[in-house]
Amino acid sequence: MDKEKVKDKKKITIKEIGPARLVMLLMAGIFLLLLSFPDLLSSKGTKKDNTGILETVTENNMKSVKTGDETTIYVNDLENRLESILAKVEGIGSVDVMITLKGSKEEIVLKDKPYTQESMNEVDGEGGNRDSSNVSRDDTTVLVNGGDGTSMPYILKELAPEFEGILVIAEGGGNIQIKTEIMDAVQVLFNVPAHKVKVMKMN
């Protein structure tokens with residue numbers, strides 16, 4: 001009988017706990033659950049980080065598009081200038097020019113090259129000498145602050161892209177003398193070898 005009484009005393013019903021205490025226990029459980037998963041609370045920060053990554057990717061894409069546009073403008077300008085100059089020469093007539101490049105322009109940036117050298121002379125117990133030296137070089141790109149607060153590499157010079165080939169289609173391209181004059185003019189203007197220049201007669 002005593003054992004049965006003890007068992008009855010250990011049983012706790014929801015009525016004995018009460019609704020107020022039950023709500024407090026549920027809230028404490030939810031609070032402990034949130035503490036054990038901190039990523040749930042920092043979802044806003046994650047969104048910001050992803051936005052930053054997207055902005056960086058978009059900026060890089062814009063830079064590559066900008067470089068492509070600059071190269072296209074550069075080629076179109078050269079083609080138009082060559083067409084206008086050749087069209088002024090007697091016997092050439094109407095001209096169409098196409099220029100292809102091997103790549104895009106290359107920027108040479110300024111590099112800081114610190115140089116360190118260490119030398120050491122060791123003498124062992126038997127009277128022998130041993131010389132050792134250590135040379136180290138480290139390249140660091142020199143940065144300058146822009147007007148908007150961003151840092152950019154200091155550009156020493158820009159190298160124009162190399163010409164892949166130049167095609168000239170002219171009304172007078174069938175005449176050997178005119179063809180030779182066009183070839184000579186293109187080689188002088190663009191400093192390209194003869195095998196990179198092709199002159200053809202226009203229909």
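The values are calculated or read from the model by the stated rules, or taken from the named source; none is laboratory data. Computed from a predicted model, the values in this text were never measured in an experiment. Glycine also receives a Cβ, built like all others from the backbone with ideal geometry; neighbour counts cover every protein chain displayed.
Within region 10-19, identify whether any single residue is of a type in the set (A, V, I, L, M, F, W, C), more than 27 Å from residue 159 (Cα to Cα), in contact with a Gly (Cβ under 9 Å, 6 or more places away or on another chain) and modelled with pLDDT of 55 or more, and answer yes or no. Checked region 10-19: no residue is of a type in the set (A, V, I, L, M, F, W, C), more than 27 Å from residue 159 (Cα to Cα), in contact with a Gly (Cβ under 9 Å, 6 or more places away or on another chain) and modelled with pLDDT of 55 or more. Filtered by the rule that a residue be within 23 Å of the chain's Cα centre (by Cα) and free of Cβ contacts under 8 Å to residues at least 24 places away in the same chain, region 69-103 gives 69, 72, 73.
Could you list, in sequence order, the residues of region 155-191 that are outside any strand (DSSP E or B), within 41 Å of the chain's Cα centre (by Cα) and at pLDDT 90 or above?
Of all residues in region 155-191, those outside any strand (DSSP E or B) come to 160-162, 171-191.
Still in the running and within 41 Å of the chain's Cα centre (by Cα): 160-162, 182-191.
Across region 155-191, the qualifying residues are 182, 183, 184, 185, 186, 187, 188, 189, 190, 191.
Take the conditions in contact with a helix residue (DSSP H, G or I) (Cβ under 6 Å, 6 or more places away or on another chain) and either at pLDDT 80 or above or under 30 Å from residue 183 (Cβ atoms) (or both) and apply them to residue 93. Does it pass? Answer is yes for this residue.
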